[in-house]
1. If you take the residues of segment 20-35 that are in contact with a Gly (Cβ under 6 Å, 6 or more places away or on another chain) and under 20 Å from N135 (Cβ atoms), which of them is surrounded by the fewest Cβ atoms within 10 Å (Cβ to Cβ)?
2. Regarding G140, is this residue of a type outside the set (S, T, N, Q) and either open to solvent by less than 50 Å² (accessible area, probe 1.4 Å) or over 22 Å from E25 (Cβ atoms) (or both)?
3. Condition first: crowded, with 23+ Cβ neighbours inside 10 Å and outside any helix (DSSP H, G or I). Can you find one or more residues in segment 54-63 that meet it?
4. If only one of R102, R75 is among the basic types (K, R) and either under 26 Å from T160 (Cβ atoms) or buried (at least 17 other Cβ atoms within 10 Å of the Cβ) (or both), which one is it?
5. Within segment 81-99, work out how many residues are under 14 Å from K54 (Cβ atoms) and open to solvent by less than 10 Å² (accessible area, probe 1.4 Å).
6. Which of (1) over 23 Å from Q35 (Cβ atoms); (2) open to solvent by less than 50 Å² (accessible area, probe 1.4 Å) does N135 not meet, given it meets every other one?
7. Quick check on G38: is it of a type outside the set (V, I, T), touching a residue at least 12 places away in the same chain (Cβ under 8 Å) and either over 16 Å from G130 (Cβ atoms) or open to solvent by 30 Å² or more (accessible area, probe 1.4 Å) (or both)?
Amino acid sequence: MISTETHLSTPDLCDQYSDWVSVVEPVFINYGGRQKFGGQIITVKCFEDNSRIKEMVALAGHGRVIVVDGGGSLRCAYLGDGLAAQAVENGWGGLIIYGCIRDVDEIRAMDIGVQALASHPRKTNRKGAGDVGINVTLGGTTFRPGAYVYADNNGVIVATKKLL
């Protein structure tokens, strides 16, 4: 897990490691209480179903970041305060969601990084659908399980190796 005190900004990381980073298109909004975060990538691909996210946050996070390809859906929220609190409790560094979240005021008060496209008050339906651990492409950048992601108010970058 990267603390806000030692985490270089994404612009600094781009400058220092330009050959090893890809910059994600600026589509994400910072919602979490941790404004700067990063870690090893775990991916979830699902559409309007957060069953796999629920399964992942129940596991030990070890500072990793869950990257969710929700298909860009703006019709429901993939993350709420309950799952975010469980992610904090289990040591996840953050979540980056290509979709919506809800309970934004509660999540902003939690020590976790969360970036998403928007907020939406409706939860997903849980049907047990989705994939974990596959490559997903969001904002013009491919997120590979085991690679590293770094995020702050300047943007999101993906690195082929650990930078910090």
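The values are calculated or read from the model by the stated rules, or taken from the named source; none is laboratory data. Bear in mind that the values here come from a model prediction, so they are computed numbers and not experimental data. When we count neighbours, we look across all protein chains shown, and the Cβ atoms used for this are built from the backbone with ideal geometry, even at glycine. SASA here: full protein model, heavy atoms, side chains in, ligands and nucleic acids out. Shrake-Rupley method; radii C 1.70, N 1.55, O 1.52, S 1.80 Å.
1. E25
2. On the way: of a type outside the set (S, T, N, Q): yes; either open to solvent by less than 50 Å² (accessible area, probe 1.4 Å) or over 22 Å from E25 (Cβ atoms) (or both): no.
Considered against the rule, which asks whether it is of a type outside the set (S, T, N, Q) and either open to solvent by less than 50 Å² (accessible area, probe 1.4 Å) or over 22 Å from E25 (Cβ atoms) (or both), G140 comes out as no.
3. yes
4. None of the other options fit; the residue is R102.
5. 5
6. Failed condition: (2).
7. The answer is yes for G38.
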